[in-house]
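The structure appears below as structure tokens.
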Amino acid sequence: MDAPADRVLVNRVRQGEVEAYGDLVRRYQQSVFNVCYRVLRNRQDAEDLTQEALVRGFERLDTYDIDRPFGPWIHRIAANLSINVLRQRKQLLPLDEEREHHPGDEVPQPEKALMQAERKSDIHSALAELPPHYRAVVELRHFQDLNYEKIAETLGIPLNTAKSHLFRARRLLAQLLKIR
């Protein structure tokens with residue numbers, strides 16, 4: 001038997017079957033954690049914010065538009081909470097590794113590996129210097145592989161704002177990397 005659709009689970013919760021929210025939690029907990037972790041770069045903080053985002057989602061389920069996908073809605077809550085934490089701390093933290101090495105990948109020569117490690121370090125340092133709202137769009141586009149429409153929906157911003165944030169973030173990253 002197929003798992004119930006998100007909208008079915010939301011309707012069940014709205015009708016008083018609170019346990020149905022547990023199915024949504026299990027379905028989205030990892031991706032919510034990934035959003036929080038990529039922005040915060042701290043496992044404990046990401047775990048705490050994951051819980052908070054899921055609780056807030058439950059508390060605000062009456063504001064969720066049943067005709068829209070649930071994933072972007074809960075991810076927006078997580079992204080906003082994470083950005084707020086960074087703003088409160090007034091610090092920016094680097095994003096996690098973009099790609100992992102997998103068995104079967106070409107093993108780089110030592111010099112090439114060192115150059116790649118230095119470049120990756122430069123990129124992560126530059127990412128750490130971006131304002132939180134720029135880091136969020138970079139995270140969603142390049143690490144979560146969302147398109148512009150999904151980024152806008154996830155962050156609750158107009159499509160053109162999502163595009164301009166990503167454009168400006170990329171331009172700023174390029175400038176930061178030129179001076180390194």
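The values are calculated or read from the model by the stated rules, or taken from the named source; none is laboratory data. Worth saying up front: this structure is predicted, and the values here are computed from it rather than measured. Neighbour counts are summed over all protein chains in view; Cβ atoms, including those assigned to glycine, are modelled from backbone coordinates with ideal geometry. Accessible surface areas use protein heavy atoms only, side chains included; no ligands, DNA or RNA. Shrake-Rupley method; radii C 1.70, N 1.55, O 1.52, S 1.80 Å.
Worth pointing out:
- Top-ranked residue of the range 113-134 - restricted to ones that are more than 14 Å from A174 (Cα to Cα) and surrounded by 14 or more Cβ atoms within 10 Å (Cβ to Cβ), ranked as modelled with the lowest pLDDT: P132
- Subset of the range 18-59 that is of a type in the set (D, E) and open to solvent by less than 60 Å² (accessible area, probe 1.4 Å) - its residue that is modelled with the highest pLDDT: D23
- The listed residues are R26, R43, and the only one of them that is over 23 Å from V85 (Cβ atoms) and without any contact (Cβ under 8 Å) to a residue 24 or more places away in the chain turns out to be R26.
- Flag if D62 is more than 16 Å from E153 (Cβ to Cβ), at pLDDT below 95 and either touching a strand residue (DSSP E or B) at 6+ places or on another chain (Cβ under 7 Å) or open to solvent by less than 40 Å² (accessible area, probe 1.4 Å) (or both): no
- Within the range 1-17, the residues that satisfy the criterion of being part of a loop (DSSP other than H, G, I, E, B), hydrophobic (A, V, I, L, M, F, W, C) and either open to solvent by 80 Å² or more (accessible area, probe 1.4 Å) or touching a residue at least 12 places away in the same chain (Cβ under 8 Å) (or both) are M1, A3.
- Residues within the range 138-165 that are of a type in the set (A, V, I, L, M, F, W, C), modelled with pLDDT of 90 or more and surrounded by fewer than 19 Cβ atoms within 10 Å (Cβ to Cβ), tallied: 2
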